[in-house]
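A quick write-up on the structure given underneath.
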Amino acid sequence: MLQPAAAPLPTHRGCPFDPSREYERLREQGPVSRLAFPDGKMGWLLTRREDVRAVLADDRFSSDRMRASSPVRQTALRPEAPKARAGMPISLDPPEHRDDAPAQPGARGRGSE
């Protein structure tokens, strides 16, 4: 099966607070785009909410750099290395990282309990 041509990772921003306009073009082309990262690695961009939720709920995908499936794993990690640094939930998978957990104790505010 032929792989689709990879678009370069969009990095140019007209405004530092807005994503690159190139993401709009990729979204219009289709819900899934192959991306080429600056370091030569390949990845995928998902633009439909349903697809993103499906990947985030799938145990085959991980942010945990200790897992071989992690897309951000750059080098082999020592087993004794800390799983994640404090304050870095992006590198955790469930159950350590939950989408319903407050960022900080008391962060839910009044009336949300």
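The values are calculated or read from the model by the stated rules, or taken from the named source; none is laboratory data. Only a predicted model underlies this, so the values are computations on that prediction, with no experimental measurement involved. Glycine also receives a Cβ, built like all others from the backbone with ideal geometry; neighbour counts cover every protein chain displayed. Ligands, DNA and RNA are stripped out before the accessible areas are found, and what is left, the full protein with its side chains, is counted by its heavy atoms. Shrake-Rupley method; radii C 1.70, N 1.55, O 1.52, S 1.80 Å.
So the values come out like this:
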quantity	calculated
Selection count where residues are small (Gly, Ala, Ser) and assigned to a strand (DSSP E or B), scope the range 28-63	3
Whichever residue in the range 4-43 is among the small types (Gly, Ala, Ser), over 20 Å from residue 54 (Cβ atoms) and out of contact with any His (no Cβ under 8 Å at 6 or more places or on another chain) and, among such residues, is least open to solvent (accessible area, probe 1.4 Å)	7
Residue selected from the range 44-63 under the condition modelled with pLDDT under 90 and aliphatic (A, V, I, L, M), by the criterion least open to solvent (accessible area, probe 1.4 Å)	55
